[in-house]
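Quick notes on the structure that follows.
Nothing in this text is a laboratory measurement; each read-out follows from the coordinates by a stated rule. Computed from a predicted model, the values in this text were never measured in an experiment. When we count neighbours, we look across all protein chains shown, and the Cβ atoms used for this are built from the backbone with ideal geometry, even at glycine.
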Amino acid sequence: MERAVQVQFLAFLTVHDLLSVYQSGFRKNHSTETAIVYHTDYILDHMDRQMSTRTVFIDLKKSV
């Protein structure tokens, strides 16, 4: 049942264009590697423009 809800919810978010292009979790053809590449590009871009960047990582996997 959980899988069916996840599939329907993801379809809803996709159809209504509610997912960020940077959202990698639970999406096909996206991985932690994809997320790291996006994040690294963001940091490097800010470094080039002499801007600061802050990052917060939260692992919700064991939160239940």
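Numerical summary
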quantity: Scope the stretch 40-64; condition surrounded by 11 or more Cβ atoms within 10 Å (Cβ to Cβ) and not in a helix (DSSP H, G or I); matching residues; calculated: T53
quantity: Residues located in the stretch 24-39, provided they are part of a helix (DSSP H, G or I) and surrounded by 12 or more Cβ atoms within 10 Å (Cβ to Cβ); calculated: T34, A35, V37, Y38, H39
quantity: Residue pairs meeting the criteria (Cβ under 8 Å; at least 6 apart or on separate chains; first within 21 Å of G25 (Cβ to Cβ), in the stretch 37-64; second among the polar types (S, T, N, Q) and loosely packed, with under 10 Cβ neighbours inside 10 Å); calculated: H39/T55; I43/T55
quantity: Residue in the stretch 15-64 that is nearest to the chain's Cα centre (by Cα), counting only those that are within 19 Å of R3 (Cβ to Cβ) and aliphatic (A, V, I, L, M); calculated: L19
